[in-house]
Every structure is written in structure tokens, then in C-alpha cells.
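Notes to accompany the following structure.
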Amino acid sequence: MPGRALLAPEMLFGFLLALARVSGVVAFLPVPGIRNAPDLTRIALAFSMTLCLSSSWPKPAADPGIVLLTFWVLAEAALGVLIGLCASVLVESFQLGTQVLGLQAGFSYASTVDPNSQADSTILQIFAQLLASILFFGLGFHRQLLALVAQSFQTIPPGTFVPNAAAGQTAINLTGAILSTGLRVAFPVVALLLLVDIALALLSRIQAQLQLMTLAYPAKMLTAIGFFAVTLWVLPSVAQTTFRKSLEAIMTVVGR
């Protein structure tokens, strides 16, 4: 009967292994507030994603035993965390770029609450986090990520993944993508702000009576916001390039 088939030991073991891998991915999904959401909400999200992948659940041939099953679960969780870290590159790169930009524009003096960590963060960092999350779901990256997670059960069956230096090196190499994308986001505005600083310095040199210090911060903030708004139309292409690198890293990890 279907009910007995779902309660078969191989199906239960397969569900447990799939849940361990998916939970590692869910922990790093770029969803605002997901890390501080109620535990039941995150559990329900991981559970529902695992059910969506029911056709890809692994089916161990026999009872592996508690020791081997524990090792498999830990290995699956490590693989899921590694995939999730690769997928979070987009948000981290945008936050790095706006952190560099905010320091130059003077927004480091204004902070708000980060919905993920509940810590003080600059306004532009929160804006970049929300923008990256919108691009992640708006451009359909979540569907590609879910498809790769499903295919990973075919390329890396349960019990065959062993954390190794190559997988770790792949994730480390993505730090270069974080830095390059962050600088691509920030440098156009930073260059313009540098010109504003030079112009204000020349004006103060020419006319020492001008009180430019009271105008410097408002001028730089307005310039940064205005020019950053102008450059928003190129950010989707930057996000696509960055996430393509993430997908390539994930495909390297899962052996596709």
C-alpha cells in the first residue's frame, strides 16, 4: 500500500538524508530575516523543500546502522552548507560593495537594525541585502539552485560525499568573486565621490571663507544616492554574472 511504502525504512532513511542536505542549503538562503525567523518556520521551509524533492530522494539498499547513518547525515549537512555558502555569494558581494560605498559617502554614521543578525548595520547595507534577495528570486536563481540540489542526489548518492580540500578550495575561490563584484558595485560611485571631494577641496582653497564642511556630508550623501540609483539598471546583469560563478562552483562541488 502507498502508506506502507512511505513508511518503508529505505524511504525514511532517504527522507532523513535529503532533509539534512536541504537544511544546510536553507540555512544560507538569501531570504531577509530567515536566520532569525522562528525555528518552526525554518523547519517548515526545509521540510516543504524536501517534500518537493521526493522524486530525488536517495534509497539506501539496506539498514546502514546508527553509526553509518550518523556519518551520512553529517556529510549531507556539510554538503548542504557548502552549497548554501556558494549561493550566498550574491548577497555578500552586494553588502561588501555598499559597505565600501557607505564609508566614502558618510553613511557609516547612520545605522539601522540588520533583520538577519539584529546588529547595527549601515542603511546602504540593508538596502543591498534586500536588493540582492529581490534579484535572487526575481531572476529565478532559486529555481536553478533547487534543480542543482535535486541533481546532486544523482551525482553524489548518500554516503559517498566526503569533505575534502577540493570542495573547500572551491568555496574559498568564491571570495574573489565577492571582492570583484563588490568593487564593481561600489567603484563608480566612489570615483564620483572622490571628484566631489576634490572639487570641495579646491573651492575651500580658493575661498577660505566658505564653510564647506557643513555642506560636504549632505552633498556626498545626495550624490551617492542619486548616482547609485542611476546605476541600478546594470545591477541585474552584475547579479547574473555573480550567480553564474556560484552555479559553476556548486556544479564543481556536486560533480556535475
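What to note about this one:
- For Thr41 and Gln151, a Förster radius of 25 Å and the Cβ-Cβ distance give a FRET efficiency of 0.40, rounded to the nearest 0.05.
- Karplus-derived 3J(HN,Hα) values for the stretch 185-194, using 6.51 cos²θ - 1.76 cosθ + 1.60 with θ = phi - 60°, are 6, 8, 4, x, 6, 4, 5, 5, 5, 5 Hz; glycine and proline are entered as x.
- 3J(HN,Hα) along the stretch 14-22, derived from phi through the Karplus expression 6.51 cos²θ - 1.76 cosθ + 1.60 where θ = phi - 60°, amounts to x, 5, 5, 5, 5, 5, 5, 5, 5 Hz, with x in place of Gly and Pro.
- Derived scalar couplings ³J(HN,Hα) [the stretch 229-242; Karplus, 6.51 cos²θ - 1.76 cosθ + 1.60; whole Hz; x for Gly, Pro]: 5, 5, 7, 5, 5, 8, 5, x, 5, 5, 5, 5, 5, 5
- Distance in nm between pseudo-label sites at Leu183 and Leu51 (7 Å out along the Cβ direction from Cα): 4.7
- Counted residue by residue at 0.36 nm each, then reduced by the alpha carbon distance between them, the extension gain from Ala166 to Ala191 reaches 5.2 nm.
- Leu12/Leu203 FRET efficiency (R0 51 Å; Cβ-Cβ; nearest 0.05): 0.10
We did not get these values from a lab; they are worked out from the coordinates using the rules stated. Just so it is clear, the structure is predicted and the values come from calculations on it, not from any experiment. No Cβ is skipped: glycine too gets one built from the backbone with ideal geometry, and neighbour counts run over all protein chains shown.
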